[in-house]
Amino acid sequence: MSPSEPTIRFGIMGCADIARKVSRAINLAPNARIAAVASRSLEKAAAFARANNLPPDTKIHGSYESLLDDPDIDVVYLPLPTTLHLKWATLAAQKKKHVLLEKPVAVTVAELDQILAACVANGVQFMDGTMWVHHPRTAKMREFLDDKHRFGELRTIHSCFTFAAPDSFLKDNIRVKPDLDSLGALGDAGWYGVRAILWAAGYHLPKTAVATRALVLSEQGVILACGASLHWEDGKSATFHCSFLTHMTMFLTAIGTQGTLQLNDFIIPFEEHEASFSTASQARFNDQVTGWEPGPSQHVVSTDIPQEACLIRELSRLVGEIKVHGGKPDLTWASRSRKTQRVLDAVKESIDNGFQPVEIGN
């Protein structure tokens, strides 16, 4: 951290399980610190602070409103159920707090637009909690995809994120409660597949989405497993699958006219401080068709801090530019969140309409 770069103060709104990971990330980021934590009860907030070894000077708030009124907070992190995002993220922006919002960022893009409008009107930075895009591996993979000689033109993308949730999760977790996270697996796990596809495609939106018939609903009508195919006007296509019901899998494959990119841990790397990916370029069968020439290459990328701390470091850098130098919010992150949400909306509409194609538009 440069001497002129400020330390950005975070307030954590809610004590969800993911907040444990993010609070550690804030402590690891060189330009951030935890200033406060809030819950709907003072006792729960204090218990969270103790359990996660938050700094002794961390303020403890017994209400979300109290946290938003705290003048010593720059950024509010909201790990709340999705149905609460519109209210509390909008209020945070109106209180001039920068917003770090867990994914999925909203139930619909119409709700997200209200959140983003509040952020723009109040000059605050918005970022969602997609961690893997901040890992240095992701930048290295981007270099390969942008290399016309090694990768060529992107034509096909496949992504999958599944995990076998225990019975307790399928019964009581907020992600299967229709009044809290009505998108279920589509919003939770599907968000990652859609974001990965958009990332590989340079964030160009597909023209249409078609949900597959691999749909499983809970007794309450919440999505436990689903998938979709996405189609672009230039002929590119993509598929993703997400599920709470099958073994842990998180792969991403991008196929170009000259090369292929593959990895099996794109959301959470197998190791915290290094991550790998595989590339193949201009490969052919050997003369006797018994192998590849040339074979795939394995690339390992190290990081000094884990990807979630990389996210906090980048968000804090952006907030510091606004706070100290009067800079403007970087709208790139809001745009990427909105495009991801638009695709989720289209897939949900396709499911609701009997797996019919849904136009996404420009």
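Numbers at a glance
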quantity	calculated
Residue in the stretch 287-299 that is within 30 Å of Ile34 (Cβ to Cβ) and in a loop (DSSP other than H, G, I, E, B) present	no
Enumeration of residues in the stretch 228-239 that are touching a residue at least 24 places away in the same chain (Cβ under 8 Å) and either under 16 Å from Phe163 (Cα atoms) or open to solvent by 30 Å² or more (accessible area, probe 1.4 Å) (or both)	His231, Glu233, Gly235, Ser237, Thr239
Test: residue in the stretch 5-12 that is more than 25 Å from the chain's Cα centre (by Cα) and more than 17 Å from Met131 (Cα to Cα)	yes
Tally of residues being farther than 15 Å from Arg142 by Cα and either crowded, with 16+ Cβ neighbours inside 10 Å or of a type in the set (S, T, N, Q) (or both) across the stretch 269-280	1
Residue in the stretch 315-323 that is touching a Leu at 6+ places or on another chain (Cβ under 9 Å), open to solvent by less than 30 Å² (accessible area, probe 1.4 Å) and of a type in the set (Val, Ile, Thr) present	no
Qualifying residues in the stretch 99-129 (those that are in a loop (DSSP other than H, G, I, E, B) and among the aliphatic types (A, V, I, L, M)) - the one most open to solvent (accessible area, probe 1.4 Å)	Val107
Residue in the stretch 271-283 that is part of a strand (DSSP E or B), of a type in the set (Asp, Glu) and in contact with a Phe, Trp or Tyr (Cβ under 8 Å, 6 or more places away or on another chain) present	no
Members of the stretch 240-278 found to be in contact (Cβ under 8 Å) with a residue 24 or more places away in the chain and among the aromatic types (Phe, Trp, Tyr), listed by number	Phe240, Phe244, Phe251, Phe266, Phe277
Complete set of residues in the stretch 146-188 that are surrounded by fewer than 17 Cβ atoms within 10 Å (Cβ to Cβ), of a type in the set (Gly, Ala, Ser) and under 12 Å from Leu224 (Cα atoms)	Ala164
Qualifying residue in the stretch 195-210 (condition: open to solvent by 60 Å² or more (accessible area, probe 1.4 Å) and touching a Ser or Thr at 6+ places or on another chain (Cβ under 9 Å))	no
Residue tally, condition open to solvent by less than 50 Å² (accessible area, probe 1.4 Å), assigned by TED's automatic domain parsing to the domain that holds Thr212 and over 18 Å from Thr82 (Cα atoms), over the stretch 328-357	4
Residue within the stretch 278-296 that is more than 23 Å from Arg20 (Cα to Cα), within 17 Å of the chain's Cα centre (by Cα) and among the hydroxyl-bearing types (Ser, Thr, Tyr) present	no
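The values are calculated or read from the model by the stated rules, or taken from the named source; none is laboratory data. Owing to the predicted nature of the structure, the values given are computational and were not obtained by experimental measurement. Cβ atoms come from the backbone with ideal geometry, glycine included; neighbour counts cover every protein chain shown. Note: areas computed on protein heavy atoms with side chains; ligands, DNA, RNA excluded. Shrake-Rupley method; radii C 1.70, N 1.55, O 1.52, S 1.80 Å.
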